[in-house]
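Read the structure below first, then the notes.
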Amino acid sequence: MSNGLALLSIFVLSVFIGFEVVSKVSTTLHTPLMSGANAIHGIILIGAITVADHADTNLELGLGIAAVVLATINMVGGFVVTDRMLEMFKGKPRVKKEVESVGGESK
Amino acid sequence: MISKNLYDLIGLAIAVCFILALKGLSSPKTARRGNLIGAFGALIATAVVFRSPDMTLHHKWWIMGAIIFGVGVGVPAARRIQMTQMPQLVALFNGVGGGAAALVAIVEYLKLGSAASTPDVVATVFTVIVGCVSFSGSIVTFLKLQELMTTRPVIFPGGRFVIAATLLGTLGCAEWVIHSLGNVSITVMAVLALIFGVLFVLPVGGADVPIVISLLNAFTGLTVAASGYVLQATLLIVAGTLVGASGTILTRLMAAAMGRSLFGTLFGAFTAKPQAAVVGGEVRSVKAGSPDDVAILLNYAQRVVIVPGFGLAVAQAQHTVRELADLLTSKGVDVAYGIHPVAGRMPGHMNVLLAEASVPYEQLVEMDEVNPTFPQTDVVLVVGANDVVNPAAKTTPGCPIYGMPILDVASAGNVIFLKRSMRPGFAGIENELLYDPKTTLLFGDAKDSLTKVVSALKAL
């Protein structure tokens, strides 16, 4: 099997896995799921690191470094914000929440 | 350095992490753990790429600096954002991801040279186009959600023609790029793709924006997969494809929850002019009540259903509404929250907002379960919601939300609307229910109104 064909096979199988894992998800979780999937495609960061590493000219390095910055924001920010959302689903009253609500009053 | 085989094996393990992450995110009990597994996989991937066999490490300080800078921007943004502004942030993160994929592809393109194989060039061109569309489209959705621009559909004369022409121009350029590698052709193509992204999202109405974000999210996933093909990185292919496929399904699920066809959303739904002026500007009477009237209605009810909407979140009234619900419960009233699947700005958004205010999860009742209980409900309290209870979705064919499933509050004994004004909701449609004799309106900021109702209730 040629390398291209191997990559194509991986692609096709991944499509089916992607369809399968989210086929039954309650509407409650649509937002965190979108946000989590969004964080996962931040893995383009390793592509960005690779092209920045292989850069030969300043133009290539500049574009590569910009890609690293954007991809890092996507990935790290995405996981952090998803975690924040999911943390709230537990819904137990906590002292910290009360402080936040008092802070909100002053608005 | 580690061997190529070991590196690929680690890549496989990380791909499994991402599959488990998506799987976990599909169920409330495992969602948080799933997200952490995904984050762990991403962390390992980033650490290991520096040890990969084909790294030169010539520019490692630049790269480290860029990562630290990105963390410095991304983490505070994610931690400080208000829960009400979550959809914008997700749109923005998605946009920068698309932008990153496009930049990676452009650098790859610059290095391809004349010896490049056609599949590589095609994959690169695909990544640049879709990445640019995702980037500029996401920026427009961000502007719409942040209300820095109008949330209404932006339609201009010959708009469809312009959009089609831009798309054809982009594809024509792609053909040009594929046949003659050059910096000019790819720049023109990228610019056209950016313009297409803007034009593509402009005609989408505010209420449909979440569907578009989800779609652009899937697009970005596919661009990442295509980059993986060019870079021969299996992990990127798996992760990108997973997001592309699951994002597509999620987009369809969201569209179904809103009772819309995906095609209609993207191509001209909401293009109908708002029908607000059907009654010819005639002033119609509504029944406005005082906080005391509302408190009395609530006090003597057996069962109350609270229908929260985005207005509640904007007024930061989640905590006050919980206070009201607790007070009513202590008076022996049966209280539940009726949650529309798309209450708020994104599917599931309202659940997040109420969870933030520590509303017990059991009190949140989904639409399909709460709808049959409305005939036995004495009072429905609609707080800052409009479109999700608008009977026009059932009764007025051709109106922009026609066919969207709604909370059937009209079958309850009394309906109380807490509204700031008579202004129509996000979709821009008049709500007949406001004029119904059994409806009472309490005007004002949702939080002020609720606070007054709470004190009136305490005084009773």
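The values are calculated or read from the model by the stated rules, or taken from the named source; none is laboratory data. All values reported here derive from a predicted model rather than from experimental measurement. Using ideal geometry, Cβ is built from the backbone for each residue, glycine included, and neighbour counts are taken over all protein chains shown.
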Give the residue, chosen from A:Ala37, A:Ala71, that is at pLDDT 95 or above and aliphatic (A, V, I, L, M). A:Ala71
Apart from one, (1) surrounded by fewer than 17 Cβ atoms within 10 Å (Cβ to Cβ); (2) outside any loop (DSSP other than H, G, I, E, B) all hold for B:Gly41; the odd one out is (1)
Could you count how many residues in region B:209-227 are without any contact (Cβ under 8 Å) to a residue 60 or more places away in the chain and more than 7 Å from every other protein chain (Cβ to nearest Cβ)? 3
Yes or no: region B:363-371 includes at least one residue that is at pLDDT 85 or above, over 17 Å from A:Ser26 (Cβ atoms) and either in the same structural domain as B:Asp436 (by TED's automatic domain parsing) or among the acidic types (Asp, Glu) (or both). no
Within region B:295-400, considering only helices (runs of 4 or more DSSP H) that don't extend past its boundaries, which have at least 2 residues that are within 18 Å of B:Thr451 (Cα to Cα)? B:310-314, B:318-330
Which of (1) more than 8 Å from chain A (Cβ to nearest Cβ); (2) crowded, with 16+ Cβ neighbours inside 10 Å; (3) under 23 Å from the mean Cα position of the chain (by Cα); (4) in contact (Cβ under 8 Å) with a residue 60 or more places away in the chain is the odd one out, the single condition B:Ile155 does not satisfy? (2)
Checked region B:47-88 for anything within 20 Å of the chain's Cα centre (by Cα) and in contact (Cβ under 8 Å) with a residue 24 or more places away in the chain; matches are B:Met83, B:Thr84, B:Gln85, B:Met86, B:Pro87, B:Gln88
I'd like the residue in region B:23-35 that is at the interface with chain A (Cβ under 7 Å from one of its Cβ atoms) and surrounded by fewer than 23 Cβ atoms within 10 Å (Cβ to Cβ) and, out of all such residues, is modelled with the lowest pLDDT. B:Pro28
Look through region B:164-204, keep the residues that are in contact with a Phe, Trp or Tyr (Cβ under 8 Å, 6 or more places away or on another chain), of a type in the set (Ser, Thr, Tyr) and closer than 21 Å to B:Leu112 by Cβ, and return whichever of them is surrounded by the most Cβ atoms within 10 Å (Cβ to Cβ). B:Thr170
Residues of region B:236-252 being touching a residue at least 12 places away in the same chain (Cβ under 8 Å) and more than 7 Å from chain A (Cβ to nearest Cβ), which ones? B:Thr248, B:Thr251
Tell me the residue from B:Leu148, B:Leu110, B:Leu167, B:Leu103 that is more than 11 Å from chain A (Cβ to nearest Cβ), over 17 Å from B:Asn217 (Cβ atoms) and part of a helix (DSSP H, G or I), please. B:Leu167
